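Following: one structure in structure tokens, then a few remarks.
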Amino acid sequence: MNAKDALIEDIGEGDITSNCLIEDNIKAKAIIVSNSRCVLSGMEEAKRVFESLNLTFIPFYRDGEVVEGKIAEVIGKAKDILVCERVALNFLSRMSGIATYTRKLVEMARQVNSNVEVLATRKTTPFFRKYEKKAVVHGGGKRHRDTLSSHILIKDNHLKIIGSVKEAVLKAKRCYSGIVEIEVESLSDALDAIEAGADVIMLDNMSAKTVKEIVSEIERRKLRKDVCIEVSGGINEENIKDFAESGVDRISVGVITHSPRASDFSLDIVEVVD
């Protein structure tokens, strides 16, 4: 899905309200306003929505900046501005909400672990993933796997079929030369995965206390340089500091894409122009 597809979806058979009320030759200037402080994301998408109907879009900020108040102007046919309004605001609201929450979690985690990375997961909206992952980056986060083809990630259901952590990692390494990551649920599984050559171990659905104990044991055995340690499962603003303090390299957070609060934007016609 691109910006034009989103606009076509919203238009349906046509904007019957504007078509009934507004003459085709009337032009206007509108402003787009961020009604609360947020990390901006979605400006490129909003621009494409307006420009698809030959409107002039004038941005005052770039994605990734913290904003509040007037962020852009739009000039052109009044009817076309109103046609584009909701779709453009939807991009801005959804993406800025993700960027804002991501920034909050990144800042919280790095207060106690300056090197930790916060990653998005594949818990995304169908056909909107590329925008949600883009917003995460605007907020200071990192992308995890964009698709199933990004790298190998061996999960619990794979292990139920294969039978063991070691066998799964070894099999993956034999057929794939890229990154091999595996979810583990115990110290013994983590050690088996490292011994088999896993590039990344994901400590999944553990308490922060357990994660810290496993990280400490891996370090005690001088295995830390051989593997990247990631943690995932139920992580949010209430506990992200605890997990960051455990010494992991990466924190995967589903909540930043599947349930952030949308930022509040509005579009207001400010004058009719010649």
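Collect the residues in region 28-42 that are of a type in the set (D, E, K, R) and either free of Cβ contacts under 8 Å to residues at least 40 places away in the same chain or in contact with a helix residue (DSSP H, G or I) (Cβ under 6 Å, 6 or more places away or on another chain) (or both), keeping them in residue-number order. Before you say what the answer is, go through the steps one by one.
Initial filter on region 28-42 (of a type in the set (D, E, K, R)): 29, 37.
Once the filter is applied, which keeps residues that are of a type in the set (D, E, K, R) and either free of Cβ contacts under 8 Å to residues at least 40 places away in the same chain or in contact with a helix residue (DSSP H, G or I) (Cβ under 6 Å, 6 or more places away or on another chain) (or both), region 28-42 yields only R37.
With respect to (1) touching a Leu at 6+ places or on another chain (Cβ under 6 Å); (2) of a type outside the set (K, R); (3) over 28 Å from M108 (Cβ atoms), the lone exception for I162 is condition (1).
Suppose the filter is of a type outside the set (S, T, N, Q) and open to solvent by 50 Å² or more (accessible area, probe 1.4 Å); does D204 pass it?
Values: of a type outside the set (S, T, N, Q): yes; open to solvent by 50 Å² or more (accessible area, probe 1.4 Å): no.
No: the conditions fail for D204.
Which ones in region 237-274 are within 16 Å of the chain's Cα centre (by Cα), open to solvent by less than 50 Å² (accessible area, probe 1.4 Å) and of a type outside the set (D, E, K, R)? Those that are within 16 Å of the chain's Cα centre (by Cα), open to solvent by less than 50 Å² (accessible area, probe 1.4 Å) and of a type outside the set (D, E, K, R): I251, S252, V253, G254, V255, I256, T257, P260, S263.
Of all the residues in region 3-35, those that are in contact with a Gly (Cβ under 8 Å, 6 or more places away or on another chain) and polar (S, T, N, Q) number 1. Suppose the filter is within 30 Å of V74 (Cα to Cα) and not in a helix (DSSP H, G or I); does L267 pass it? Yes, satisfied. Taken together, the residues in region 135-189 that are more than 23 Å from the chain's Cα centre (by Cα), part of a helix (DSSP H, G or I) and of a type in the set (A, V, I, L, M) amount to 9.
The strands (runs of 3 or more DSSP E) falling completely within region 21-122 that include 1 or more residues that are within 26 Å of D10 (Cα to Cα) and open to solvent by 50 Å² or more (accessible area, probe 1.4 Å) map to 27-39, 56-59, 66-77.
The values are calculated or read from the model by the stated rules, or taken from the named source; none is laboratory data. Model, not experiment: these values are computed from the prediction. When we count neighbours, we look across all protein chains shown, and the Cβ atoms used for this are built from the backbone with ideal geometry, even at glycine. Remember, those area values only see protein heavy atoms, side chains included, never the ligands or the DNA or RNA. Shrake-Rupley method; radii C 1.70, N 1.55, O 1.52, S 1.80 Å.
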